[in-house]
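The next block holds one structure in the form of C-alpha cells; read it before the comments.
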Amino acid sequence: MKKLLFKEEQEFDKRWLWLLMLVAVFAVAIPFFRGIYFLTAENPPGDNPMTTGGLIVAGVTVLVLVVIFALMFRAKLKTKITADKLSVCFPPFVWKWKAFDPSEIERYEIRQYHPKREYGGRGIKRRLRKGTAWTVTGRIGLQLYMKNGKRFLIGTQKQQALEHAMHKLMEKED
C-alpha cells in the first residue's frame, strides 16, 4: 500500500437537514394521516374528504422523502491522497473510488467557490462550463484542471493539509 499523504471525511450539516426533513415530511404526512382518519371515520366532518388516489400519492411522497433524507444522513465525501494518486468517493451515492493520476492533472489550485451560484448547490453537481463538483460544506475546494480539458472541484475543510499533500503528489510528476 502506498503512503497516505492526506485523508478527509466530510458530512452534510445535520442541523439544517433535520429541520428541512421535519418540515417536508410533516407538510405531506399531516394531510396523509388526516385523510386516513377521515376515510376510516363513520361520520367524516366536511363534504370533501381526501380521495384514495390522493392518499396513495401522499403516502408514496412521505416514503420517498424519508428515503432521500436517510441517504443524505449517511452521505460522506471521502478524499484521500497517496503517494501515487488522488481518490474521492461519495457513498451512498458513489461507492467506487474515483482516482486521479497525477499525469492526468494539468494543474490544480485551492480556491474559494460559491456552491449555489457556480454549481447550483451542494452534493455531486455537473455544470457544462464549470465541470463537476463534489461538495458537502464550506466554500473552499481543490480545483483540478485535467489535461483532457475537464474540470473537477472537491470541497475541503482542511485547506492547508490538502494543499501540502497535492504539492507532494504533483512534484513527483515534474
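Could you sort out which of Lys98/Lys125; Lys80/Lys168; Lys3/Lys116; Lys116/Lys147 sit more than 25 Å apart by Cα distance in this structure? Beyond 25 Å: Lys3/Lys116; Lys116/Lys147. Sequentially through the stretch 86-94, phi angles give Karplus couplings (6.51, -1.76, 1.60; θ = phi - 60°) of 9, 10, 9, 8, 9, x, x, 7, 9 Hz, Gly and Pro residues having no value and appearing as x. By the equivalent-ellipsoid construction on the alpha carbon gyration tensor, the chain comes out with semi-axes of 46, 15, 13 Å, ordered largest to smallest. Note on Asp84/Arg111: beta-carbon distance plugged into 1/(1 + (r/R0)^6) with R0 of 22 Å gives a FRET efficiency of 0.35.
Under a 5 Å amide H cut-off, with hydrogens placed 1.01 Å from N, Phe6 pairs with Ile81 among residues at least 5 apart or on other chains. Whole-Hz Karplus values for the stretch 129-141 come out as 8, 8, x, 9, 10, 10, 9, 10, 8, x, 9, 10, x Hz, taken residue by residue from phi with 6.51 cos²θ - 1.76 cosθ + 1.60 and θ = phi - 60°; glycine and proline positions read x.
Every number in this text was worked out from the coordinates using simple rules, so none of it is lab data. This structure is a prediction, so every number in the text was calculated from the model and none was measured. So basically every Cβ, Gly included, is an ideal-geometry build from the backbone, and we count neighbours across all protein chains shown.
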